[in-house]
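No value in this document is a laboratory result; all are computed from the given coordinates. The structure presented is a predicted model; accordingly, all values stated were derived computationally and were not measured. Glycine gets a Cβ as well: all are built from the backbone with ideal geometry, and neighbour counts include every protein chain shown.
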Amino acid sequence: MSIRRNAVCAAVTCCVLLTYGGQSGFATGPVVGEATPSDPPVSVTQPDQIPAPVTDDPPRHIVGSSIVRHYVLPVQTQPAAQVGVSFEARAKAVRWLSGKIASYLRTSMNWAAVMGATIRPPKVRHLSSMSVPRLKREAVMWKHIAALTRFRAQHPPHLKQFLCIHHYEGSWTDTGAPYYGGLQMDRSFQQTYAPRLYQAKGTANYWSPLEQIWAAEKALKSRGFGPWPNTARYCGLL
């Protein structure tokens, strides 16, 4: 009878240890999926890791670490043969971000040329010496500049007034000498207020409507609407 009672007690004690061992301190090993106090967690973003280039693809998990139940568990590190992958990833990120900056810069310079303005591009050596996070910030800045330059070029200050003048003047592609374009500008006017456009494209009939309006905007600062005495009067501008 005592042997049977001792066997039952041993079985109950074994069940208790297996069920509540994690909470009572009787467990001999850590629970699977949890970090032990002796193993310090590995940070997901270590300083020596180079971030991957910005792409439209969904983010990938970082090799060398995993997150389980909000714990970062130490796993096996990459072998020595894969150390060079980080340098390749950085070079790829630098090339991709530099291409984005160049694209935004071209857009900014093209729209600035429409307004007769200039934008100073950054030096290539300056970009190549930047870190990846700095290049990301530079790309965001030039994207913002490109958007602002395009918006301003498409919205001249006196767009409505010059469109009214154009309504009483010729076609945007009018070649009737001595006056050209939709605002009927002579060669002297073009050479004075848009010399680079005149040298690059020729007379105003080869310019875009926005380029013609921005040339007129420059004349407006010093001469007002005087170069268009009749049509400006029709529009109530004189």
- Please sort by residue number the chymotrypsin sites (Phe, Trp or Tyr not before Pro) in the stretch 85-121 whose DSSP state is loop and whose Cβ has at most 11 other Cβ atoms within 10 Å. none
- Message: Could you compute how fast the stretch 148-221 diffuses translationally, taking Rh as the Kirkwood radius over C-alpha pairs and applying Stokes-Einstein at 20 °C with viscosity 1.002 mPa s? Give it in µm² per second.
- Response: 176
- Query: Given the Cα atoms of the stretch 89-183, and with Rh set as the inverse mean 1/r over their pairs in the Kirkwood sense, what is Rg to Rh to two decimals?
  - Reply: 1.21
- Message: Give the lysines reachable from Lys92 as a straight Cα distance under 28 Å; neighbours fewer than 8 places away on the same chain don't count.
- Response: Lys100, Lys123, Lys136, Lys143
- Query: So, in Å, what gap is there between the alpha-carbon centers of the stretch 109-157 and the stretch 177-238?
  - Reply: 28
- Once Lys and Arg are counted +1 and Asp and Glu -1 for all other residues with Cβ under 11 Å from that of Leu105, the total becomes +3
